[in-house]
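Worksheet: the structure to be examined is printed underneath.
The values are calculated or read from the model by the stated rules, or taken from the named source; none is laboratory data. All of these numbers come straight from a predicted model, not from anything done at the bench. So basically every Cβ, Gly included, is an ideal-geometry build from the backbone, and we count neighbours across all protein chains shown.
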Amino acid sequence: MVKLDIQKHIKELMDECGWTNYRLGKEAGLSHSTITNLFNCNNAPTISTLEAVCRAFGITLSQFFSEGNTPAELTEEQHILFAAWSTLNDGQKEALLLLMKRI
């Protein structure tokens, strides 16, 4: 198994999109200092920071960590869940996540 250099991978995604640190922060809803610290202090991002970065790029955490260019395969159930999720507004998504955490 190959160890993923998280900062390097984020930088590659930024380069593909033509994004600066500022643009990534704006798209991800993260402060400029969070993005700067991610690269300058060589700190691994928290899960919530990485989730925000993935959302900005329109990918899942699974896709971020998948090896090569092969996207992670989803089950039929997961496809159905993602399709339903995409139709929800922000409030509905928040309520559903809260419900799922309590189950």
Practice task
State whether the residues of the stretch 42-50 include one that is in a helix (DSSP H, G or I), among the polar types (S, T, N, Q), surrounded by 11 or more Cβ atoms within 10 Å (Cβ to Cβ) and under 13 Å from the mean Cα position of the chain (by Cα).
Solution key: yes
Completion exercise
Pairs returned, first residue in the stretch 21-47 that is over 20 Å from F65 (Cβ atoms) and free of Cβ contacts under 8 Å to residues at least 40 places away in the same chain, second residue that is surrounded by 17 or more Cβ atoms within 10 Å (Cβ to Cβ) and of a type in the set (V, I, T), beta-carbon separation under 6 angstrom, 6 or more apart or interchain, are N21/I35; G25/I35
Problem - Enumeration of residues in the stretch 43-83 that are hydroxyl-bearing (S, T, Y) and at pLDDT below 85 - result: S62, S66, T70, T75
Exercise for the section: For the stretch 19-41, name all the residues that are farther than 22 Å from T60 by Cβ and loosely packed, with under 14 Cβ neighbours inside 10 Å. Expected result: T20, Y22, S31, H32, S33, T36, N40, C41
